[in-house]
Structures are given as structure tokens and as C-alpha cells.
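Quick notes on the structure that follows.
The values are calculated or read from the model by the stated rules, or taken from the named source; none is laboratory data. As the structure is a prediction and not an experimental result, all values here were calculated from the model. Counting neighbours? That spans all protein chains shown, and the Cβs are built from the backbone with ideal geometry, glycine included. Side chains are part of the model used for accessible areas, which takes the heavy atoms of the whole protein and leaves out ligands, DNA and RNA. Shrake-Rupley method; radii C 1.70, N 1.55, O 1.52, S 1.80 Å.
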Amino acid sequence: MNVENIDSVLHEERLFEPSSDFVKSATINSAESLAALRRAADDDYQGFWAKLARDEISWHKPFSNVLDESNAPHYQWFNDGLMNVSYNCLDRHLQTRGDNTAIVFEGEKGDITSLTYRDLHAQVCTFANALKAQGVVKGDRVVIYMPMTPEAVVAMQACARIGAIHSVVFGGFSGESLKDRIEDAGAKMLITADGGNRGGKIVELKQAADKALASGCASIESVIVFKRTGHNVEFNRDRDVWWHNAIEGMDSVCEPEWVEAEHPLFLLYTSGSTGKPKGIQHSSAGYLLNSILTMKWVFDIKDDDIYWCTADVGWITGHTYVAYGPLAVGSTALIYEGAPTVPDNGRFWDICQRHKVTIFYTAPTAIRALMKSGDEIPAKYDLSSIRLLGTVGEPINPEAWIWYHKVIGGARCPIVDTWWQTETGANMIAPVPGAVATKPGSCTLPLPGIIADVVDEEGNSITTPDKGGYLVIRKPWPSMLRTIWGDDERYVSTYWPKFDGKFYLAGDSARRDKDGYFWIMGRIDDVLNVSGHRLGTMEVESALVAHPRVAEAAVVGRPDEIKGEAIFAYVVLRGDRPEDGIDEALTKELRAWVSEQIGPIAKPDDIRYADNLPKTRSGKIMRRLLRTIAKGEEITQDTSTLENEAILLQLQGKV
Ligand code: WT7
């Protein structure tokens with residue numbers, strides 16, 4: 001796709017200045033102090049990051065190298081320093097805020113637990129000792145497949161403590177997806193639970209894990225099972241050990257393993273446009289640094305905040321803004337196990353009221369869904385504790401933004417629309433809320449030290465306002481991904497393919513308005529964004545063609561009011577196309593099949609059957625055409641290069 005042909009249809013002129021109340025208490029509270037930070041980064045890029053890394057991270061051995069560019073694009077940060085992420089999240093707070101609440105947890109059924117820093121430290125150390133007792137050592141991969149409970153964070157922090165590399169797999173993924181990720185990571189251990197509570201039902205985590213292990217995963221030596229639901233699950237005594245048994249008799253003291261700054265903290269699998277999901281590899285110190293800075297700059301975090309990021313730990317947002325960032329700055333993080341709809345659509349607001357949440361961070365898809373259920377529901381709750389709102393995952397439509405601002409934020413709270421990616425580790429383009437006025441739908445301006453740009457095919461900066469181009473980052477930054485686990489070539493070819501490998505290619509198109517504000521326009525590749533979650537069209541296509549009745553499949557996104565994008569699949573069957581293109585039983589079966597193969601989020605919303613797919617004479621599927629049809633729009637593009645023009649009527653559902 002040629003990004004320069006993308007014309008923006010969205011023109012939003014409203015500007016929202018932060019209220020004087022917010023500005024009064026904000027840490028960065030003026031355009032000047034923000035400009036000073038930007039200038040510091042411009043004047044001495046390495047000096048800027050070095051100072052922050054010294055100020056914000058507790059080092060076991062200080063670094064002297066700042067940025068090593070000798071093996072670009074394999075950049076290294078602070079690489080001769082030694083530190084430990086878990087030490088930075090826990091131990092260093094014990095003196096000053098040991099009795100402060102680190103985590104408040106609410107289960108879907110209403111059970112509430114609260115852990116102080118001292119409690120959490122003891123739990124992490126105890127569990128870290130249990131991991132060691134099971135033979136886990138520095139550098140081993142540990143896959144975590146858990147419900148949203150404090151134990152998920154304990155497991156992650158315990159891995160960090162001993163230098164094991166965790167890879168969290170979202171509990172909504174199927175056993176099949178879990179298996180692929182375990183095998184790619186070569187994980188030695190799996191940490192899971194009997195189940196979790198979501199949507200009034202039990203999520204059968206152990207069952208899915210058993211399925212994964214029964215079909216492969218030869219590298220797994222043992223499985224730790226946390227008892228969450230208490231329902232009956234299969235238990236393999238040679239392999240499985242209950243969490244409560246594994247920690248029995250373990251010491252609550254565990255010296256952190258001092259690791260190199262570049263030691264991998266975790267892998268997190270995410271979808272790309274081709275092939276299987278990629279294991280994004282993050283570092284220890286660089287990742288931690290941007291996590292801390294964005295907690296301060298973007299979330300304006302204070303000691304008395306109750307910070308609630310609704311993301312699951314299975315996504316990057318749940319890593320940076322649940323498991324690491326809030327703890328590294330010594331704040332209080334709220335964790336909720338379940339769905340926003342239990343017992344009704346007021347659950348989020350009920351939690352905000354009861355726990356006096358001050359900072360609330362969620363996805364546009366959730367905002368749109370809750371907006372649809374009406375203003376009367378949030379009106380029943382006292383949301384006056386909230387002082388700052390955030391969104392992430394996809395562009396937020398101005399209507400939802402205004403609703404969020406007025407109905408949830410009482411027109412008093414700034415909204416931070418944060419653009420970033422699994423690969424970037426932390427917020428990249430986002431307002432500093434006490435210093436930057438916001439515009440509904442724009443993620444505003446890059447953070448200090450983040451040299452983002454919009455460029456044309458040749459890599460030249462686009463200075464014409466509102467002209468679309470490639471979103472790139474021109475300089476390496478500390479929390480950037482380091483590579484793709486086991487596929488370094490793919491790292492280079494995916495993120496550094498153009499512009500002589502000099503800029504990081506984000507995979508999004510964007511434009512800048514006359515004030516320099518960034519507006520994300522969408523992906524430039526075949527990646528879907530369903531409810532703020534990334535899915536490769538290829539993955540869904542592979543799942544479909546794995547079904548015995550499917551010969552060929554093409555998947556595209558179509559705009560959806562709640563989910564952002566819905567999944568539209570064109571399917572060619574082995575044998576005849578169903579009469580009139582309709583076979584409800586098969587459609588149901590295929591949807592369930594994809595759900596089994598990948599997870600419920602990947603279920604196609606629409607399936608259309610055709611005798612074949614629209615291909616050019618060179619055999620390339622014309623995806624743009626399929627997108628037009630999925631939107632229900634008339635075809636205006638040239639179809640004369642199609643091998644079989646007649647297929648269009650079938651694809652449109654007209655015959
Ligand atoms: C892709 C990254 C980062 C955590 C959630 C998703 C889209 C993300 C925004 C935003 C517009 C956004 C981009 C990006 N995206 N945040 N504020 N405005 N688009 O992480 O799964 O790695 O997906 O999500 O397309 O490339 P992810």
C-alpha cells in the first residue's frame with residue numbers, strides 16, 4: 001500500500017487544556033518544563049538517558065556505557081551495568097513505603113485482597129525460591145498462563161528476581177496457541193491455574209494447558225498450578241505441582257540475581273502480518289526505565305494514587321502498567337479479575353467508587369461498549385476520585401472521547417491517549433497531561449527523548465500538515481524490543497526494512513496536523529486490531545484452512561462500532577459452495593474451530609463462501625477489494641486485472 005495516498009477524513013478541531021486544578025498538582029506542569037526536557041534530549045541524547053537511568057534505577061553495579069550502536073539495529077543500553085527489576089519494584093521501597101499497599105485485588109465474585117509492599121516482597125521471594133527448587137535458573141524460559149490475580153504478578157516478579165525469562169500467554173488464548181508459544185520459547189516450566197473467573201464462568205486454564213502439553217511441549221519439565229477456582233481438574237502427579245505445595249517451607253528471603261542491563265526480562269508473543277506470532281524480546285534496565293518515566297510523565301503518578309490499568313497481564317499493557325511500572329514507582333495498583341459486565345455494565349464504575357481509583361486506563365473498545373449501555377449506569381456511581389483518564393490500543397473516535405471526558409471524567413480529568421506497541425515497551429506518543437492540551441482522537445506529541453516522525457517512501461520527513469505517511473522512530477530508545485526470539489532475521493526485516501535500516505518502522509501510518517499533533521491512521525500491513533488486540537490476518541487464515549472442509553481463506557477487517565475492527569472471512573470450500581452461499585451450521589462450526597485454534601478473540605464475525613478468491617493474474621489476492629466488499633461499499637477500483645471478474649457478485653453476497 002502506498003501510504004501517501006491515504007487521505008485523512010477525520011478533522012477534529014477541539015482543543016482541551018488541562019484544568020488549573022490538575023495543573024496545580026501535576027509534576028510536569030508547564031509547556032516550559034516539558035520543553036526543557038525535550039531540549040535536554042536534543043542537546044545530548046545519550047547524556048539525557050544516562051542521567052535518567054542513574055536517577056530512576058537502583059543499580060547494583062553502575063553502568064558507564066550508555067548506548068552501544070556498534071551492532072545496529074541491535075542496540076544496547078547501559079550494557080555494563082548490573083541490576084534487578086524485581087529489586088527495583090520491591091526491595092527498594094521496603095524502607096520508605098513497606099506498609100503501603102502495592103496491590104489491591106478484586107475478584108469477579110467480589111473477593112478483595114490487599115497486599116503491602118512487604119507482603120508482596122515476601123510472596124515474590126517465597127515463590128522465587130520455589131522456582132529455584134524446581135530447577136529454574138537464570139535464562140530459562142517460564143511460560144505463565146494465569147487468570148488476572150496477584151499471583152500472576154507474583155509469578156512474573158519471581159522470574160525477574162532469579163533472572164528467568166517469562167513469557168505470559170493471555171488466558172483467553174486456546175491450548176493450541178499456548179503450545180505454539182511454549183514450543184517457540186523452549187520453556188522449561190509452565191505456571192498456570194485450575195481456572196479463572198470471567199463473565200460468570202470458569203475459564204478452563206488447566207484443561208487448555210493439559211491439551212497443549214498432551215500434543216507437544218517437550219521442553220516443559222514441570223507445571224505449577226495455582227488453585228483459584230477450586231473446581232475439579234486433572235492432575236498429573238509426575239509433572240504438576242500445586243502452587244501452595246511448591247511454596248511450602250520456602251524461605252521468604254531470596255537474594256535477587258544481579259543481571260546485566262541487557263538480560264532479557266521477558267518475551268511476549270504478538271501477531272505480525274505473516275507467519276506465526278513473534279516473541280518480542282525485551283531487556284531489563286531499558287524496559288524498566290521507560291516504564292518508570294511514563295508512569296511519571298504520562299500518568300503523573302503520586303504516592304497517594306490508586307492506579308487502575310484494566311489490561312490483562314497477557315498483553316504488553318498489563319506488563320508495563322500492571323506488573324512493573326506501578327510497582328517500580330512505589331504506587332498502588334488495582335487488579336480486577338473479571339469482565340466489565342458482571343454483574344452489570346456498572347462494574348468498572350463500582351470498582352472506581354469503592355476503591356477510590358484516581359487514575360483509570362482502559363481501551364477504546366471498552367469505552368465504546370460501556371458508552372452504549374447508557375449514561376444512567378455511570379451516573380449511579382461517585383467517580384469524583386478520578387483525576388486522570390487514559391486510553392490505549394487503537395485510535396479513539398471523538399464521540400467516545402467526549403463521552404469518556406464528560407461522563408466518566410466529569411469534564412475535569414485530562415485524557416491521555418497513549419500510542420505505543422508491544423515492541424516499544426512503553427508509551428511513546430502521549431500527552432504529558434499537565435503541559436499538553438489534548439484533541440479528541442490524537443495521541444498528541446512524542447515524549448521527551450522519543451524522536452518520532454512521519455516520513456514518505458524515501459524517508460523524508462513530511463512537513464505538509466495532514467499528509468499521511470509512515471510512522472517511524474528515528475533514534476533507538478531504552479525500552480525498544482531487542483530482537484524476535486529465535487528469529488533475528490525477522491527482527492531486522494520487519495522493523496528496519498526501509499530507509500537504509502536507519503529508522504524503526506512502527507507499521508502504522510500517521511499524519512501530523514498544523515500543530516504537530518500526531519494522528520494514527522491505521523496499520524500499513526495485514527494486521528487486524530480487534531478490540532485493541534493485534535491479530536494477523538494470516539493467523540486466522542491458517543486456522544481456517546486447517547479445517548478439513550476449507551480449501552482457501554482470505555481474512556480482512558471491517559470497521560466495527562464497538563470492537564474497532566471485526567473479522568471478515570472469505571472461504572472457499574473443498575467441494576461445492578453452499579447453495580446461495582449460506583450454510584449456517586458450517587459457519588457456526590468454523591467460528592468455533594477458529595476459537596479452538598487461536599482463542600475466542602479471533603472468531604470471524606462474518607464468513608462468506610465463494611467458489612474462489614479475487615486474484616490478479618499473478619495469483620495475488622486483492623485484499624483491498626475484499627476490504628471494500630466487507631465494508632458493504634460499492635467497488636470503485638479497477639477490477640480488470642482480476643482473473644475471474646465474475647466472482648465479485650458472489651463475494652458481495654449478491655448471488
Ligand atoms: C498497535 C500496537 C500498546 C498496547 C496496546 C496494543 C495500535 C496502540 C494506539 C493509540 C492509535 C494505537 C497501533 C499500534 N495502537 N495504541 N493510542 N492510538 N493506535 O499493543 O498489540 O502491540 O498493538 O496498536 O496500530 O501499532 P499492540
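Let me confirm something: among Gly434, Gly441, which residue is within 11 Å of the ligand (Cβ to nearest atom), over 15 Å from the mean Cα position of the chain (by Cα) and part of a loop (DSSP other than H, G, I, E, B)? Working first, answer last.
Numbers: Gly434 fails: within 11 Å of the ligand (Cβ to nearest atom).
Every option except Gly441 fails the conditions.
Looking only at segment 337-361, count how many residues are within 19 Å of the chain's Cα centre (by Cα), over 22 Å from Ser442 (Cβ atoms) and either open to solvent by less than 20 Å² (accessible area, probe 1.4 Å) or at pLDDT below 95 (or both).
Residues flagged as within 19 Å of the chain's Cα centre (by Cα), over 22 Å from Ser442 (Cβ atoms) and either open to solvent by less than 20 Å² (accessible area, probe 1.4 Å) or at pLDDT below 95 (or both) within segment 337-361 amount to 3.
Just a yes or no: is a residue in segment 470-489 in a strand (DSSP E or B) and farther than 29 Å from Ala53 by Cβ?
Yes, because at least one residue in segment 470-489 is in a strand (DSSP E or B) and farther than 29 Å from Ala53 by Cβ.
Considering only segment 62-178, give the helices (runs of 4 or more DSSP H) lying wholly within it that have at least 3 residues that are among the aliphatic types (A, V, I, L, M), modelled with pLDDT of 95 or more and more than 30 Å from Val594 (Cβ to Cβ).
117-133, 150-162
Under 7 Å by Cβ, and 6 or more places apart or on different chains, what pairs join a residue from segment 430-447 that is within 17 Å of Ala36 (Cβ to Cβ) and open to solvent by 10 Å² or more (accessible area, probe 1.4 Å) with one that is within 13 Å of the ligand (Cβ to nearest atom) and of a type in the set (Gly, Ala, Ser)?
Pro446/Ala452
Taking the stated definitions as given, is Trp477 touching a Gly at 6+ places or on another chain (Cβ under 9 Å) and either away from the ligand (no atom under 15 Å from the Cβ) or among the basic types (Lys, Arg) (or both)?
So Trp477 does not fit the description; no.
In segment 278-302, which residue that is within 12 Å of Met480 (Cα to Cα) and polar (S, T, N, Q) is most open to solvent (accessible area, probe 1.4 Å)?
Gln281
Could you tell me whether any residue of segment 515-529 is within 14 Å of the ligand (Cβ to nearest atom), under 21 Å from Arg38 (Cα atoms) and not in a loop (DSSP other than H, G, I, E, B)?
Yes, because at least one residue in segment 515-529 is within 14 Å of the ligand (Cβ to nearest atom), under 21 Å from Arg38 (Cα atoms) and not in a loop (DSSP other than H, G, I, E, B).
From the list Phe78, Phe63, which one is in contact with a Gly (Cβ under 6 Å, 6 or more places away or on another chain), of a type outside the set (D, E, K, R) and within 17 Å of Pro476 (Cβ to Cβ)?
Details: Phe78 fails: in contact with a Gly (Cβ under 6 Å, 6 or more places away or on another chain).
Within the list Phe78, Phe63, the selection yields Phe63.
Here is a list of conditions, (1) within 29 Å of Glu399 (Cβ to Cβ); (2) among the acidic types (Asp, Glu); (3) touching a strand residue (DSSP E or B) at 6+ places or on another chain (Cβ under 9 Å), and Asp611 meets all of them except one; can you say which number that is?
Failing condition for Asp611: (1).
Across segment 373-415, what is the total count of residues that are within 16 Å of the ligand (Cβ to nearest atom) and touching a helix residue (DSSP H, G or I) at 6+ places or on another chain (Cβ under 9 Å)?
From segment 373-415, those within 16 Å of the ligand (Cβ to nearest atom) are 388-401, 404-405, 414-415; that's our starting set.
Filter once more, so that each one left must be touching a helix residue (DSSP H, G or I) at 6+ places or on another chain (Cβ under 9 Å): 388-397, 399-401, 404, 414-415.
Going through segment 373-415 one residue at a time, the tally reaches 16.
Just need a number here: residues in segment 627-647 that are farther than 19 Å from Asp576 by Cβ and in contact with a Pro (Cβ under 7 Å, 6 or more places away or on another chain).
Residues of segment 627-647 farther than 19 Å from Asp576 by Cβ: 627-643, 645.
Next, from what is left, pick out any that are in contact with a Pro (Cβ under 7 Å, 6 or more places away or on another chain): 631, 642.
Looking only at that region, the number is 2.
Looking only at segment 303-336, how many residues end up being under 26 Å from Ile377 (Cα atoms), within 16 Å of the ligand (Cβ to nearest atom) and either in a loop (DSSP other than H, G, I, E, B) or open to solvent by 10 Å² or more (accessible area, probe 1.4 Å) (or both)?
3
Might you let me know whether segment 261-277 holds any residue that is open to solvent by 30 Å² or more (accessible area, probe 1.4 Å) and not in a loop (DSSP other than H, G, I, E, B)?
Within segment 261-277, not a single residue is open to solvent by 30 Å² or more (accessible area, probe 1.4 Å) and not in a loop (DSSP other than H, G, I, E, B).
In this structure, does Ala506 turn out to be under 16 Å from Lys278 (Cα atoms), within 14 Å of the ligand (Cβ to nearest atom) and either among the aliphatic types (A, V, I, L, M) or open to solvent by 40 Å² or more (accessible area, probe 1.4 Å) (or both)?
Yes: the conditions hold for Ala506.
Which one of Glu457, Glu399 is open to solvent by 10 Å² or more (accessible area, probe 1.4 Å), farther than 25 Å from Glu565 by Cβ and out of contact with any Ser or Thr (no Cβ under 8 Å at 6 or more places or on another chain)?
Answer to the selection: Glu457.
Picking from Thr418, Thr464, Thr424, which residue would you name as being assigned to a loop (DSSP other than H, G, I, E, B), among the hydroxyl-bearing types (Ser, Thr, Tyr) and within 14 Å of the ligand (Cβ to nearest atom)?
Thr424
I'm told Leu573 meets every condition in (1) within 24 Å of Leu649 (Cα to Cα); (2) among the hydrophobic types (A, V, I, L, M, F, W, C); (3) open to solvent by 30 Å² or more (accessible area, probe 1.4 Å) except one. Can you identify the failing condition by its number?
Here Leu573 clears every test but (3).
A quick yes/no check of all residues on (1) within 21 Å of Phe235 (Cβ to Cβ); (2) surrounded by fewer than 22 Cβ atoms within 10 Å (Cβ to Cβ):
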| position | (1), (2) |
| --- | --- |
| Ala122 | no, yes |
| Asn129 | no, yes |
| Cys159 | no, no |
| Ile162 | no, no |
| Val168 | no, no |
| Phe173 | no, no |
| Leu178 | yes, no |
| Gly186 | no, yes |
| Ile191 | yes, no |
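Give me a count of the residues in segment 202-234 that are over 25 Å from Gly186 (Cβ atoms) and surrounded by 13 or more Cβ atoms within 10 Å (Cβ to Cβ).
Qualifying residue count, segment 202-234: 7.
Consider Phe299 against the criteria (1) assigned to a loop (DSSP other than H, G, I, E, B); (2) over 18 Å from Glu56 (Cβ atoms): it satisfies all of them except one. Which criterion is unmet?
Status for Phe299: all satisfied but (2).
Which one of Phe568, Phe499 is away from the ligand (no atom under 16 Å from the Cβ), open to solvent by less than 50 Å² (accessible area, probe 1.4 Å) and in contact (Cβ under 8 Å) with a residue 60 or more places away in the chain? Working first, answer last.
Working: Phe499 fails: in contact (Cβ under 8 Å) with a residue 60 or more places away in the chain.
Answer to the selection: Phe568.
If you go through segment 533-550 one residue at a time, how many are open to solvent by 50 Å² or more (accessible area, probe 1.4 Å) and either of a type in the set (A, V, I, L, M, F, W, C) or under 18 Å from Pro277 (Cβ atoms) (or both)?
4
Of all the residues that make up segment 362-382, how many are surrounded by 22 or more Cβ atoms within 10 Å (Cβ to Cβ) and either without any contact (Cβ under 8 Å) to a residue 24 or more places away in the chain or not in a helix (DSSP H, G or I) (or both)?
2
What pairs come out if I take residues in segment 517-534 that are farther than 23 Å from Thr438 by Cα and pair them with residues that are among the aromatic types (Phe, Trp, Tyr) and near the ligand (Cβ under 9 Å from one of its atoms) whose C-beta lies under 8 Å away, six or more apart or interchain?
His533/Trp315
So, in segment 607-636, exactly how many residues are assigned to a helix (DSSP H, G or I) and open to solvent by 40 Å² or more (accessible area, probe 1.4 Å)?
Residues flagged as assigned to a helix (DSSP H, G or I) and open to solvent by 40 Å² or more (accessible area, probe 1.4 Å) within segment 607-636 amount to 3.
One residue is enough: does segment 39-48 have a residue meeting the conditions within 19 Å of Ser283 (Cα to Cα), open to solvent by 50 Å² or more (accessible area, probe 1.4 Å), touching a residue at least 40 places away in the same chain (Cβ under 8 Å) and of a type outside the set (Asp, Glu)?
no
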